[in-house]
1. Scan the chain and note any complete DSSP helix (H) whose C-alpha atoms cover at least 18 Å along its axis and whose Kyte-Doolittle average is -1.0 or more.
2. With 31 Å as the limit, write out which pairs from 60/92; 121/164; 78/121; 40/92; 40/78; 121/189 have Cα-Cα distances beyond it, or answer none.
3. Once you've got the GNM for the chain with C-alpha springs shorter than 10 Å, pick whichever of 16, 116, 29 has the biggest mean-square fluctuation.
4. When the scattering of the range 20-167 is computed by the Debye formula from its Cα atoms alone, each counted once and equally, what is log10 I(q)/I(0) at q = 0.14, 0.15, 0.18 Å⁻¹?
5. What does DSSP give for the chain in terms of the percent of beta bridges that are antiparallel, rounded to the nearest 5?
6. At q = 0.09 Å⁻¹, what is the log10 ratio I(q)/I(0) for the range 71-247, with the Debye formula run over Cα points and no solvent?
7. Cα to Cα, under 19 Å, and not fewer than 8 places away if on the same chain: which aspartates and glutamates meet these conditions relative to residue 27?
8. Please state the charge dipole magnitude for the chain, taken about the Cα centre, from unit charges on C-beta atoms (+1 on K and R, -1 on D and E), reported in debye and rounded to the nearest 20.
Amino acid sequence: MNAHPKWSPAGTRSAAEIAAIMDFRAKRAIDHVTALAWGKTPRLCPICGYRGMFSPVRHKPEIWCPSCDSRPRHRQLKLWMDREMVLPEGAKVLHFAAEPWVRGWFEERGADYVTADLNDKFELQLDIEAMDLPDASYDLVMANHVLEHVDDARALAEMFRILKPGGQAVITVPMIEGWDVTHEDPTLKTEEELRLHYGDPTHLRFYGRDVRDRIRAPGFELHEFVAVEPDVSTHALHRGERIFVGMKPGPKGADNG
Ligand SMILES: [Zn+2]
């Protein structure tokens, strides 16, 4: 059966007609989900080089690279690093909650790369809100989807402090560009409330476009990299997703000997 069954003249259907149309519509729904599950258009992963269909994640189609497990924000980060990141020679790099592929990228470019987080799966056990590190000791600090879990004013001040003049803080967060102000309500406490308001029970806020003011607050100059076409369709990125780069003012590379 290919065509949609016709309406009956009376505007109602018999039990047999209802059974037939339920069968028709169920098959059409399954075809739709099957197409969604297998992907519709081949994409290119800039991290691992895979070209082909991307996997869905729950209801969202064409999100996951089936070769290296990358998601859109990881692929966007790789594009920015390849195209725009300025890395001083022998740069000291500190990466919070590190994505595994990032190490190879930095080490191939001669960086002194170290991972950090509170737990012992990473090389340095550091609290991003109070880092046990000297002032002006790193050229680059990266924290993707970290700030929404912590006291971001303290974390940003610490990132600023440990960077050398000219150093960069690379930051991504979940944000809604259409919101003037970050949604942050300290009276929300239960897992259900946090999930409902922030999309994740471990998040403390959902950023609006004032995230820029928060990043600038300790003294950073702000740069941005936004996902636009043709990258969005080629690499299966999220339209309009942003990478923020806070630059600590000072001569670039002045302190890198
Ligand atoms: Zn990949």
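The values are calculated or read from the model by the stated rules, or taken from the named source; none is laboratory data. Everything numeric here is computed off the predicted structure, so don't read it as measured data. Cβ: placed from backbone, ideal geometry, glycine included. Neighbour counts: every protein chain shown. For accessibility, only protein heavy atoms count, side chains too; no ligands or nucleic acids. Shrake-Rupley method; radii C 1.70, N 1.55, O 1.52, S 1.80 Å.
1. 15-38
2. Values: 60/92 37 Å; 121/164 26 Å; 78/121 23 Å; 40/92 42 Å; 40/78 24 Å; 121/189 28 Å.
Exceeds cut-off: 60/92; 40/92.
3. Ranking 16, 116, 29 by mean-square fluctuation puts 16 first.
4. With one equal scatterer per Cα and no solvent, log10 I(q)/I(0) is -0.78, -0.85, -1.08.
5. 45
6. For the range 71-247 at q = 0.09 Å⁻¹, log10 I(q)/I(0) is -0.31.
7. Within the straight-line limit of under 19 Å, residue 27 reaches these aspartates and glutamates: 17.
8. The dipole of the chain has a size of about 1380 debye.
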